[in-house]
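What follows is calculated from the coordinates using simple rules that are stated; it is not laboratory data. Here the structure is a predicted model, which means the values were calculated and not measured. Backbone-built Cβ (ideal geometry, glycine too); neighbour counts: all protein chains shown.
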Amino acid sequence: MAERNIRNQPSEDLPVRKDEPQVLIKDLWKVFGRDPKRVLKSDLREKSKEEIQKKTGCILGMKNINLSIKKGQFYILMGLSGSGKSTLIRNIIRLVNPTAGSVIINGQNVTKMSGEQLLQFRRKTFGMVFQHYGLLPHLTVLDNAAYGLKVRDVPKGERYAKAMRTLETVGLKGWEDYYPGSLSGGMQQRVGLARALANDPEILLMDEPFSGLDPLIRRQMQDELVELQEKLQKTIIFVTHDLHEALKLGDRIAIMRNGEVVQEGTPEEIVTQPADEYVQEFVQDASPAKVLTAGSIMEPAKVLLYAWEGPKTALTLLLSNKRKAAFVVDKNHKLLGVAKDESLAKLLDKGEYIEKIPQSSIRTVPTVSENTILEDMFSIITHNPYPVPVVNDDGRLMGVVTTDQIFESITPAEGDENG
Amino acid sequence: MVEFPEMIDIPLAKAIDAGMEWLLTHLDGFFDAIGFVILQVVNAFEAVFLFLPWFILIPLVGLAGWKLVGKWKSGIVFMLLLILIGSFGYWELAMRTLALVIASVFFSLLMGIPLGIQMARSDRTQSILQPILDAMQTMPSFVYLIPALMFFGMGKVPAMFATIIYAVPPVIRLTNVGIRTVDREAVEASQAFGATPRQVLFDVQLPLAKPSIMVGVNQTTMMALAMVVMGSMIGAKGLGMEVLIAISRIEVGQGFEAGLSIVILAIIIDRITHSFSEKK
Ligand SMILES: Nc1ncnc2c1ncn2[C@@H]1O[C@H](COP(=O)(O)OP(=O)(O)OP(=O)(O)O)[C@@H](O)[C@H]1O
Ligand SMILES: [Mg+2]
């Protein structure tokens, strides 16, 4: 994740994510072909995709998928081409009807909905973004962005006002009257995103939205999406086959193969504990620096100075531990900064009695939060001689991370390479 | 030569004749009603074209050539060509032919576009219609004239009936293909926002299929023009009849003039309808 987790000053809270599951997928199957139910009834259901195809001619799109996605989560579906990612995302909104199983969203069973109910539900719950944008070439950018509202019969004035606002959010102000054909790929996808956001949907479905873009534009769009998500806190289901994209964006990742989910977990779990060879292959060129967080490798500070105990005690403590400097905290365990032995000695040289270590002898240092990934700490450790303090949202010192620790945890363990 | 055994005799011709007979006795009123509607429409078009004087119509076509085809030169050429028809003395007959063509196209589109939409929506409809359309297009056009004659007698109506049957397949086909090849994601986007099938049709499928549908309209129009000439054989007045008369009298020059007039109409109609398919 971008640099937003590096804070010199503890800033205000990230919004807290609610914990209720918003999308619940239960035993979901999709078989394409003639009489697909037959495949599920027989013992073929245990067979692999190829076998089913050879015996019946049916194509297994999804096999017994179970997932639970919480509100506000950025959920990634990943897997090779043909693994069933699009099928799954299309089933959620019922652009494809599942063969068996259910999709439950906000407690409502989408698979059981009648035609009219389904239309209403799609209108108020979903926004969808497509790989090739899916824009309407005969409508202007503004009309495209307003399309979802038009479907809902929102009056023209209101429709355009809202669409204008979302176009501004995605950075397309001034392009309203152009046609999509005259825009670059990245900009067309912004229109797609604006169209999806204009409805203010609870759930955003994105099927490889950035796959068609140049690497640079792609990275830029990813950064912007991260930023947007910080603000909007939507539930996002996002398909990609790019691991780096998945690690950068995802809160959780499900990895699919031949219609099955083979592993599901946080980016860190996926990269550090791949469930099988398939996943291993996926993540092999993933740097742990991109997934390991400061919180996962920090250790308690060995030497800690307490501001209220005064410079004399502090200096003694430093000397007895053979240290030149250490972190200073206040009574609430809040990090104040680093105090050096020289500056403490200077204070004492004056001969006066000083009750508390004064702020003037403490140097503030850059801090990180527990969620900061190691990669984002590289710039800090290159400019900073001290270990990096990890603080929580209130500025309390949770632990420290040393340069050695960072490098130790990102170099692959012995044997992993050849094993 | 080895004779084909006579025992194997599938009496298709007899069956069809019997079917025709049945239709004629039982659905007489039905065909009368259809004939009446067709006649009213074609008469209305004819009235318009015969009412419009040449010195208004020619500049109108010139203007259409300029604005629609996009070049002022086309407009000038169209006007000169029409003046040529007038100079042959075929102005009135050309107008009658034109009315017949336009009325036939009108009915063809009225039937063809909805059928094409239906065909695009259902694979079953497509698999039923496809062979019928193939048959309609490969059947020699004369064959339609006979039943048309039996249903409606002589005159404009059977000519138009045969024309419609002959000319409708391209617009059905191309509407179907046009809708089926619309960008899948555009359709899904519309559906994902909760659009009803009707909204999907009018917001996405028809606008995106428009170029293809317009190619269908163009082809249908050209086929209608070709068939209308055949229609003269069963009594539809127009340029085709002039050709027939010239043939029977072996008057090469006159036949050529009438034929050239038909070609001129074809060129102008083709360029103008073609321009619809090119614009966005
Ligand atoms: N309409 C369909 N009819 C028959 N088979 C289908 C259909 N749609 C998808 N499939 C099959 O289902 C399987 C999963 O396809 P899906 O499109 O979900 O894969 P994907 O993971 O999205 O792949 P990609 O990364 O290429 O987009 C594939 O084997 C595909 O051939
Ligand atoms: Mg896909």
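Of note:
- Of the residues examined, residue A:87 is not one that is polar (S, T, N, Q) and more than 13 Å from ligand 2 (Cβ to nearest atom).
- Each residue in region A:186-212 was checked for being within 16 Å of ligand 2 (Cβ to nearest atom) and more than 14 Å from chain B (Cβ to nearest Cβ), and 1 of them qualify.
- Listing of helices (runs of 4 or more DSSP H) fully contained in region B:153-250 that carry 2 or more residues being closer than 15 Å to residue B:101 by Cβ: B:156-180, B:206-231, B:239-249
- Single residue of A:89, A:93 found to be closer than 20 Å to residue A:211 by Cβ and in contact with an Asp or Glu (Cβ under 8 Å, 6 or more places away or on another chain): A:89
- Considering residues of region B:189-215 that are more than 11 Å from every other protein chain (Cβ to nearest Cβ) and β-branched (Val, Ile, Thr) only, the residue farthest from residue A:137 (Cα to Cα): B:215
- Residue list for region A:136-147, restricted to those being within 7 Å of chain B (Cβ to nearest Cβ) and either aliphatic (A, V, I, L, M) or crowded, with 22+ Cβ neighbours inside 10 Å (or both): A:136, A:147
- Inspection of region A:94-107 identifies no residue that is without any contact (Cβ under 8 Å) to a residue 40 or more places away in the chain, among the polar types (S, T, N, Q), part of a loop (DSSP other than H, G, I, E, B) and over 27 Å from residue A:241 (Cα atoms).
- The set of residues in region A:86-116 that are within 14 Å of ligand 1 (Cβ to nearest atom), in contact with a Ser or Thr (Cβ under 7 Å, 6 or more places away or on another chain) and within 16 Å of residue A:66 (Cα to Cα) contains only A:98.
- Search result, residues across region A:123-135 that are out of contact with any Asp or Glu (no Cβ under 7 Å at 6 or more places or on another chain), more than 7 Å from chain B (Cβ to nearest Cβ) and over 14 Å from residue A:190 (Cα atoms): A:124
- Flag for residue A:237 being touching a residue at least 40 places away in the same chain (Cβ under 8 Å), within 15 Å of ligand 1 (Cβ to nearest atom) and within 27 Å of residue A:406 (Cα to Cα): no
- Against the test of being over 20 Å from residue A:204 (Cα atoms) and free of Cβ contacts under 8 Å to residues at least 12 places away in the same chain, the options A:30, A:37, A:55, A:49 yield a single qualifying residue, A:55.
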